[in-house]
Amino acid sequence: MSNAPAEEIPTEEIDLAAANHIIDKYLTLPGNLMPVLQGIQDEYGYVPKPAIDLVAERLNVYPSQIFGVLTFYAQFHLKPRGRFIIRVCVGTACHVQGAERIVETFFDKVGIGHAETTPDLRYTFEKVACLGACGMAPLAMVNDDTFGKMTVQKVEEIIAEYNQRPMK
């Protein structure tokens, strides 16, 4: 579920102006916690600890309740993630078509493992149970771009392409 226990969440200095703006947008709506947290994650790429404290104060909600929501839903992340999220399917159809070799090649090319992010925040890598396109197995995605019938050569081409893309 969660990608980090509460005690491992980095506390950093961030500009909370955007978080305040998001909270202002939903402040008077009932059930505003989810859209506030989603908006904050969209803005920062994850939900930073200072933003959690701000949300708790402004919405009059205990931080523990916020952490409960953040750790229950897999859509939320408590640590910074890469600009490019690489997902490789390791479900049955992809597995029998060689997904593990694709995973290992990505690991080698990007220098990180499952659920890790490169220090420059360019890439986050995730093995996933299914991407819903078994006919294209083995399958990988980078953000919203889908790559089917993956090969080691395609991994190298994908990384070369995304290494050329700007970070923002």
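The values are calculated or read from the model by the stated rules, or taken from the named source; none is laboratory data. For clarity, every value in this text was computed on a predicted model and none was experimentally measured. Backbone-built Cβ (ideal geometry, glycine too); neighbour counts: all protein chains shown. Keep in mind that these areas ignore ligands, DNA and RNA; they rest on the heavy atoms of the full protein, side chains included. Shrake-Rupley method; radii C 1.70, N 1.55, O 1.52, S 1.80 Å.
Students often get this wrong: which residues of segment 66-90 have the backbone nitrogen under 19 Å from the point 7 angstrom along Cα-to-C-beta of Gln38?
It comes to 66-78, nothing else.
Taking the Kirkwood radius as the inverse of the mean 1/r across Cα pairs, report the Rg/Rh of the chain.
On the way: Rg = 18.0 Å, Rh = 17.4 Å.
Reported Rg/Rh (Cα atoms, Kirkwood Rh): 1.04.
What's the ranking of 81-92, 117-128 by average number of surrounding C-beta atoms within 10 Å, highest first?
Details: 81-92: 20.2, 117-128: 16.8.
Highest to lowest by the protection proxy: 81-92, 117-128.
Let me know the shape class of segment 16-72, please: from the alpha-carbon gyration tensor, a ≥ b ≥ c as square roots of the eigenvalues, rounded when a/c is under 1.5, otherwise prolate if a/b is greater than b/c, or oblate. Spell out each step's value before the answer.
On the way: a/c = 1.35, a/b = 1.06, b/c = 1.28.
Since a/c stays below 1.5, the shape of segment 16-72 is classed as rounded.
Could you report the chain's accessible area per residue, 1.4 Å probe, as an integer in Å²? Spell out each step's value before the answer.
Details: 9260 Å² over 168 residues.
On a per-residue basis, 55 Å².
Quick check on segment 84-164: what does the Kirkwood estimate of hydrodynamic radius come out to from the alpha carbon pairs, in Å?
Numbers: mean 1/r = 0.0819 Å⁻¹.
The answer is 12.2 Å.
How far apart, in nm, are the 7 Å Cα→Cβ label points at Gln75 and Asp120?
3.1 nm
For the chain, what % of the accessible area comes from carbon and sulfur atoms, probe 1.4 Å?
Working: 4880 of 9260 Å².
Solvent-exposed carbon and sulfur of the chain make up 53 percent of the total.
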